[in-house]
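Novice: First, the structure itself, so that you have it in front of you.
The values are calculated or read from the model by the stated rules, or taken from the named source; none is laboratory data. Remember, predicted model here, so these are calculated numbers, not experimental data. Heads up, the Cβs are rebuilt from the backbone with ideal geometry, glycines too, and the neighbour counts pull from every protein chain shown. These accessible areas exclude ligands, DNA and RNA; they are computed on the full protein's heavy atoms, side chains included. Shrake-Rupley method; radii C 1.70, N 1.55, O 1.52, S 1.80 Å.
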Amino acid sequence: FFFSSRRRHTRFLPVSWARRCVQETDAEYMGLQEMQEVVYLLQETNFRELLVYSMRVLGKLYLHSYEYTKAIFTFKQVNFFCKKEKFFDQKMKSYKSLGLCYQHLKDFIKAKSYFLKQLQCAWYLKNNRYELLAYDLIGMQHFYLGEVDKAKFYHEKMIKGSVEPSDSPIRKLGVSKLVNRLQKNELSLFIKQQSQDKGFSSDEGSDIEIPYTNISKDQKLSLIHI
């Protein structure tokens, strides 16, 4: 059981109830008000994993409701907790959702940057499904930006199920950048905690994009965003 003491009376609720709520991610069956209540109550508990799941579902409900500003804020909070708790799987999914938010807002460059972060997490977790999904989403952003050749390259990678080899220099560099960024953010968070600064650490980091193949080898390095 967990409880809320902020209200006029203490409320005891079973954890199984909260877990049932967060497992239902379809906006058609899940109300915003109910999910907000779950997150509100979980913030007073030590159920960090459940809180992360709940916040991500709440963000998805905002996204389905076209409340993109609230969705972005919620997903960035999810990333904050993921950095502290190392919930990389949830972090990867949150990056995907942030990218979708910015895609809806027609900020395709920012959307692409989050889908690239999703790709880095997928490489780190060796999650082929989310790697291929990232290729599809990155390709869409290139298409919206009028970069047809790059869009075609990523689309074909997704269609063919062409995952990046584990010994690929680009993949190794992407994972290295992800780890370095997380370590840097953890150090920044530690310093802020020591100085009693309660601000969120920045989640903006450098992106690495796979060079598409219809260019010369000498030009490939120019496509790596560092």
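Novice: Distance in nm between label sites at Asp107 and Gln43, each 7 Å beyond Cα in the beta-carbon direction?
Specialist: Each label point lies 7 Å from its Cα, and together they span 2.3 nm.
Novice: Given a 1.4 angstrom probe, I'd like the percentage of the accessible area of region 34-129 that is carbon and sulfur, rounded to a whole number. Could you put the intermediate results ahead of the total?
Specialist: Details: 1930 of 3970 Å².
Percent of accessible area from carbon and sulfur atoms in region 34-129: 49.
Novice: Right, another one. Going through the cross-link list Lys60/Lys157; Lys70/Lys110; Lys117/Lys184; Lys83/Lys117; Lys150/Lys184; Lys106/Lys157, which pairs have a Cα-Cα distance over 21 Å in this structure? Provide the component values of the computation, followed by the final result.
Specialist: Numbers: Lys60/Lys157 27 Å; Lys70/Lys110 17 Å; Lys117/Lys184 15 Å; Lys83/Lys117 14 Å; Lys150/Lys184 31 Å; Lys106/Lys157 24 Å.
The answer is Lys60/Lys157; Lys150/Lys184; Lys106/Lys157.
Novice: Sorted from largest down, what three extents in whole angstroms do the Cα atoms of region 57-112 have along their principal axes?
Specialist: Computed over the Cα atoms, the extents are 31, 22, 14 Å.
Novice: Taking a probe of 1.4 angstrom, what is the accessible area of Asp167 in Å², to the nearest 10?
Specialist: Taking all protein chains as shown, Asp167 has close to 100 Å².
Novice: Another one. With the Cα gyration tensor of region 28-137 giving a ≥ b ≥ c as the square roots of its eigenvalues, does the rule (a/c under 1.5 for rounded; else a/b larger than b/c for prolate; else oblate) give rounded, prolate or oblate? Write down the numbers at each step before the final one.
Specialist: Numbers: a/c = 2.11, a/b = 1.29, b/c = 1.63.
Oblate, since a/c reaches 1.5 and b/c is not below a/b.
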